[in-house]
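**Q** Submitted below is the structure of interest, expressed as structure tokens.
Every number here is computed from the coordinates shown, using simple stated rules; none is lab data. Computed from a predicted structure; not experimentally measured.
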Amino acid sequence: MTDFILVRHGETVWHAENRYAGRADVALTERGLRQADDLGAWAKGQQIHAVYTSPLTRARLTAAPAARALHLEPRIDERLYELDFGDGEGLTIAEMAERFPERQAAFLRRPVTDHLPGGNDPRVAAAQAKACLEEIAAEFPGGRILIVAHNALFRVMLCDLLGIDLDDYRRVFPFLDNGTLTEVRLSGGQASLLRFNAPTPPVPAPAPH
């Protein structure tokens, strides 16, 4: 049995404008940096055996305070990259509708089968991320692992783990907010979702002397 705490990275300058950020290395906002610090403060009191992160800067910066608090070196794994949104990269849904309305409408109906033009296949990304978790579980049986990565990747991976049609990921998991905690348990080849999109609990103030 291995437990995974999945954390979506902090807010970026594109997310503040509701723009699709896939493989582009977009910077964190000041709020995103505070979310990273909040995660680090929370992690200080946790029993976590390893920290994994996507190669993208926004994920690595979000993971860094937690890794320092835990005295762990973050492990970077390319299977944790965000989905590639292709021609939709950096655009809002409204801008996509102006530039390629038919493909945008198909994406909204079936976001995996009809993924955005120029992007990667979310089914492949989900399978790679699932394999990553299974390898980590084999290395850390009975462990608790922190993974900092990305919104769409986590949602398609969860569908793959839980046996849900990947085209339903936007309906089943409509929101995954920046800096939130999602916990999954892998045990005996089965996955259980323990919590989803939970805010980082506030760190209690020290008791007065």
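**Q** Counting only DSSP beta bridges with both residues in the chain, what percent are antiparallel, rounded to the nearest 5?
**A** On the way: 13 of 25 bridges.
Percent antiparallel among DSSP bridges in the chain is about 50.
**Q** With N residues in region 50-107, what two-decimal value do you get for its Cα radius of gyration over 2.2 N^0.38 Å?
**A** Values: Rg = 16.6 Å, N = 58, 2.2 N^0.38 = 10.3 Å.
Relative to the rule-of-thumb radius for its length, region 50-107 sits at 1.62.
**Q** May I pose another question? Once all Cα-Cα distances of region 105-209 are split into 5 Å bins that start at 0, what whole-number percent is in each one?
**A** Pair shares across the bins are 2, 11, 20, 22, 17, 12, 7, 4, 2, 2, 1, 0, 0.
**Q** By how many nm would the segment from residue 57 to residue 108 lengthen if fully extended, with 0.36 nm per residue of separation less the alpha-carbon distance? Intermediate results must be reported in sequence, preceding the final value.
**A** Working: separation 51, 0.36 × 51 = 18.36 nm, distance 2.78 nm.
Full extension from residue 57 to residue 108 adds 15.6 nm.
**Q** Taking only the Cα atoms of region 1-110, how large is their convex hull per residue, in Å³? Walk me through the numbers on the way to the answer.
**A** Numbers: hull volume 12.5 nm³, N = 110.
It comes to 114 Å³ per residue, whole-number rounded.
**Q** With a bin width of 5 angstrom, please list the P(r) values of region 43-161 as percents of all Cα-Cα pairs, from the 0 bin to the one holding the largest distance.
**A** 2, 11, 19, 19, 17, 12, 8, 7, 4, 1
**Q** When the convex hull of the C-alpha atoms of region 98-158 is computed, what volume per residue in Å³ does it have?
**A** 88 Å³
**Q** What translational D, rounded to a whole number of µm²/s, comes out for region 123-165 from Stokes-Einstein when the hydrodynamic radius is the Kirkwood one over Cα pairs, at 10 °C and 1.306 mPa s?
**A** The Stokes-Einstein estimate is 146 µm²/s.
**Q** Now, a different point. Hydropathy at least 1.0 by Kyte-Doolittle, axial extent at least 15 angstrom from the Cα trace: which helices of the chain, defined as entire DSSP H runs, fit? Don't jump to the answer; show the numbers that get you there.
**A** Working: long enough: 30-43 (20 Å, -0.84); 57-70 (19 Å, 0.14); 122-139 (26 Å, 0.20); 151-162 (17 Å, 1.41).
Within the chain the helices that satisfy the rule are 151-162.
**Q** Moving to a separate point now. Divide the volume of the convex hull of the Cα atoms of the chain by its number of residues and quote the answer in cubic angstrom per residue.
**A** For the chain, the hull spanned by Cα atoms encloses 115 Å³ per residue.
**Q** With the cut-off at 19 Å, report for region 134-196 the share of all Cα pairs above it, as a whole percent.
**A** So the pairs more than 19 Å apart make up 31 percent of the total in region 134-196.
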